[in-house]
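Contents: one structure, followed by commentary.
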Amino acid sequence: MVQYTEQFILLLFFTLKNGKHFIFITYLCSLIRSITIIIYMYRTNTCGELRMTNLNQEVILSGWVQKARKFGGMIFVDLRDRYGITQLVFNQDTNAELCNRAAKLGREWVIQVKGTVAERSNKNPNIPTGDIEIISSELAVLNPSETPPFTIEEDTDGGDDLRMKYRYLDLRRSVVRSNLELRHQMAFATRSYLNERQFMEVETPVLIGSTPEGARDFIVPSRMNPGEFYALPQSPQLFKQLLMVSGFDRYFQIVKCFRDEDLRADRQPEFTQIDCEMSFVEQEDILGIFEGLTKYLFKTIKNIDLPDFPRMSYADAMRLYGSDKPDTRFGMQFVEIKDLTAGKGFGVFDGAEYVGAICVEGAAAYTRKQLDELTDFVKRPQVGAKGLIYVRYDLDGALKSSVDKFYSVEDLQKWVERAGAKPGDLLLVLCGETEKTQKQLSELRLEMGARLGLRDKTKYNCLWVVDFPLLEYDEPLNRYFAKHHPFTSPKPEDIPLLETNPGAVRANAYDMVINGVEIGGGSIRIHNSELQKKMFSVLGFSDEQAQAQFGFLMNAFKYGAPPHGGIAFGLDRFVSIFAGLDSIRDCIAFPKNNSGRDVMIDAPSTVAQEQLDELNLKINPHETPVTNT
Ligand code: ASP
């Protein structure tokens, strides 16, 4: 505040170019500064902003003591706030009483210091304020602190659990704080991009009804309606579609969603979506706007100009990468060699529906031990292959394989040719049932990519995966499920197949993938109540069930629903890709651990019997729960 007033007045008089007045005004400014400081304020500046241009200024800083060290007759204190760190100096020779008080400061004490900005003799080029220090003249302890359970510095000695328990302290660390700053910038830039394009942010309810949308719902008992429950939204899907019926033709919301799923590094029970919907659009319009958003974020936040995103059909993604979210930062595409392997007496290949290989460049020199490690990797229950076959294409052109007994050098030559291998490369082969084997080969490909350092976090490969199948068949349950969700429109040309071959129907659905992570996904929706009814019936809903659960949507569609479609991005995943994080936890202020617990506030927790009674819940959590069979 002080410096803004100063600057304003100075600027005014510079503009007037009147030297005499300038001297008077400079004097007036320093008077204002001194009076303001005397009047008392917690700080005139932050701990991140003082530079050489501020030399000799009297300032007040407030913040946390990161570190205090004694050096001869001096005490140096690193004072930290959200903006940075500034070094304070207390000098025994010039102010012994103050220095003695400074000697008592402990880590994380909150203090206020008045002093003068001076040039540092021992500059620290690693921090922006490293050229200056504050020669302290006054010190006030605003609040002492207990010794924190871990060091609050970039490299901390605190383990994961401890840091989660004291997350409010962990958040003081610049590495964690910067992830939240990035998150804020991304959310802010997203709002600005969408706002400029007429998107309107509309809030949708959090207490809604339970609907089957893929994952399990979190449910909330209703006190006023005994025996009835709300569900927390897995996404605002139905509401955003209803908003289209209402005529809000461009909607978005940065919104919390809830899914009661088992947790992984890229999953949290509550997470944030950038949820969007548009009317009077086709797939192409949506891909255009949201490819634009992604490019805008990369440009404004990382100053990266991305090329246009390639499109890949779901079928190609599965055929070439065994995944609907391929990491295209590196090649190693699958090659099918079933035809080349058949009829040579190797029963394992002969009996397999699919034989696929990847060519690992420059890995022919892998040792027996390394190959054994890879075999163990594919045999892990998470991958589930029965074994791994390899062909080494040595630099001298020799071909050696783990199936030499069945295949001649000429046979192997055909395999390596198909795979485009050169001397020095290694072919890794898996076989079995097509879909399963492709998934296993995908895991192996990613593992090899990681081993060879090809999954560079500073490289960004974006693509759209399109033409997803509309439905997925569940063998054990003997029924179809919607691959995306039941509101996704089939491709118009495939609609007749709904009657004859539902599994072959392609959807107007798309995913945005960055570096092997599904960042966003959406679809063009069904907007015709008859087609929606048909879709529910293909999914095994009786008319009554469909009416009971989605009657409101089908009714709404009878009142002039416009053609519409949308997409939702996972904000947490988006931020963690930008920040180069392995887990989305680090870009969430207060995340849950892998068992869905917030260890800081100790939730979930039991509640008093009275609360349960009030909710008409007859369960006593301490009794053995009765399980439904
Ligand atoms: N609601 C969908 C989801 O959460 C996204 C969409 O189709 O727009 O995945």
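The values are calculated or read from the model by the stated rules, or taken from the named source; none is laboratory data. Just so it is clear, the structure is predicted and the values come from calculations on it, not from any experiment. For neighbour counting, all protein chains shown are included, and Cβ atoms are generated from backbone atoms with ideal geometry for every residue, glycine included. Side chains included, ligands, DNA and RNA excluded: accessible areas come from the protein's heavy atoms. Shrake-Rupley method; radii C 1.70, N 1.55, O 1.52, S 1.80 Å.
Just so you know, in region 443-491 the residues that are within 20 Å of residue 317 (Cα to Cα) and among the small types (Gly, Ala, Ser) include one that is surrounded by the fewest Cβ atoms within 10 Å (Cβ to Cβ), and it is 450.
Looking at this structure, is residue 306 away from the ligand (no atom under 16 Å from the Cβ), free of Cβ contacts under 8 Å to residues at least 40 places away in the same chain and open to solvent by less than 40 Å² (accessible area, probe 1.4 Å)?
no
Picking from residues in region 328-356 that are charged (D, E, K, R) and under 38 Å from the mean Cα position of the chain (by Cα), the one that is farthest from residue 428 (Cα to Cα) is 329.
Restricting attention to region 189-211, the residues being surrounded by fewer than 13 Cβ atoms within 10 Å (Cβ to Cβ) and under 17 Å from the mean Cα position of the chain (by Cα) number 0. Candidates in region 56-109 are the residues that are among the small types (Gly, Ala, Ser), open to solvent by 10 Å² or more (accessible area, probe 1.4 Å) and in a strand (DSSP E or B); of these, the one that is farthest from residue 177 (Cα to Cα) is 68.
In region 218-228, is there at least one residue being β-branched (Val, Ile, Thr) and open to solvent by 70 Å² or more (accessible area, probe 1.4 Å)? Yes, the conditions are met somewhere in region 218-228. Looking for something among the acidic types (Asp, Glu), away from the ligand (no atom under 16 Å from the Cβ) and at pLDDT 95 or above - is there at least one such residue anywhere in region 166-174? Yes: region 166-174 contains one or more residues that are among the acidic types (Asp, Glu), away from the ligand (no atom under 16 Å from the Cβ) and at pLDDT 95 or above. Counting only residues that are within 13 Å of the ligand (Cβ to nearest atom), among the polar types (S, T, N, Q) and in a helix (DSSP H, G or I), region 266-295 holds 1 of them.
Yes/no matrix, rows are residues, columns are (1) within 26 Å of residue 554 (Cα to Cα); (2) at pLDDT 95 or above:
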position: 466; (1), (2): no, yes
position: 475; (1), (2): no, no
position: 481; (1), (2): yes, no
position: 494; (1), (2): yes, yes
position: 498; (1), (2): yes, no
position: 516; (1), (2): no, yes
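The set of residues in region 359-398 being of a type in the set (A, V, I, L, M) and open to solvent by 30 Å² or more (accessible area, probe 1.4 Å) consists of 365, 395, 398. For region 465-492, a tally of residues being assigned to a loop (DSSP other than H, G, I, E, B) and either within 16 Å of the ligand (Cβ to nearest atom) or under 18 Å from residue 524 (Cα atoms) (or both) returns 10. Sub-9 Å Cβ pairs linking a first residue in region 500-513 that is closer than 22 Å to residue 577 by Cβ and open to solvent by 10 Å² or more (accessible area, probe 1.4 Å) to a second residue that is among the small types (Gly, Ala, Ser) and within 16 Å of the ligand (Cβ to nearest atom), at least 6 apart or interchain, are 511/520; 511/521; 511/522, ordered by first then second residue. How many of the residues making up region 243-265 are away from the ligand (no atom under 13 Å from the Cβ) and either open to solvent by less than 50 Å² (accessible area, probe 1.4 Å) or in a helix (DSSP H, G or I) (or both)? Residues flagged as away from the ligand (no atom under 13 Å from the Cβ) and either open to solvent by less than 50 Å² (accessible area, probe 1.4 Å) or in a helix (DSSP H, G or I) (or both) within region 243-265 amount to 3. If you filter region 204-242 down to residues that are assigned to a loop (DSSP other than H, G, I, E, B) and hydroxyl-bearing (Ser, Thr, Tyr), you find that the one that is nearest to the ligand (Cβ to nearest atom) is 235. A count restricted to region 518-538 and to residues that are over 30 Å from residue 584 (Cβ atoms) and within 16 Å of the ligand (Cβ to nearest atom) stands at 4.
Number of residues in region 539-572 that are within 12 Å of the ligand (Cβ to nearest atom) and either free of Cβ contacts under 8 Å to residues at least 40 places away in the same chain or under 23 Å from residue 505 (Cβ atoms) (or both) equals 5.
Just one of (1) within 13 Å of the ligand (Cβ to nearest atom); (2) open to solvent by less than 20 Å² (accessible area, probe 1.4 Å); (3) hydrophobic (A, V, I, L, M, F, W, C) fails for residue 298. It is (1).
Once region 500-517 is narrowed to residues that are closer than 30 Å to residue 265 by Cα and of a type in the set (Gly, Ala, Ser), the residue that is nearest to the ligand (Cβ to nearest atom) is 509. Of all residues in region 326-348, exactly one satisfies the criterion of being within 22 Å of residue 447 (Cβ to Cβ) and part of a helix (DSSP H, G or I), namely 348. Would you mind stating whether residue 510 is within 21 Å of residue 257 (Cα to Cα) and at pLDDT 95 or above? When the stated conditions are applied, residue 510 passes them. For region 128-150, a residue qualifies if it is within 29 Å of residue 96 (Cα to Cα) and part of a loop (DSSP other than H, G, I, E, B), and the qualifying residues are 129, 130, 131, 144, 145, 146, 147, 148.
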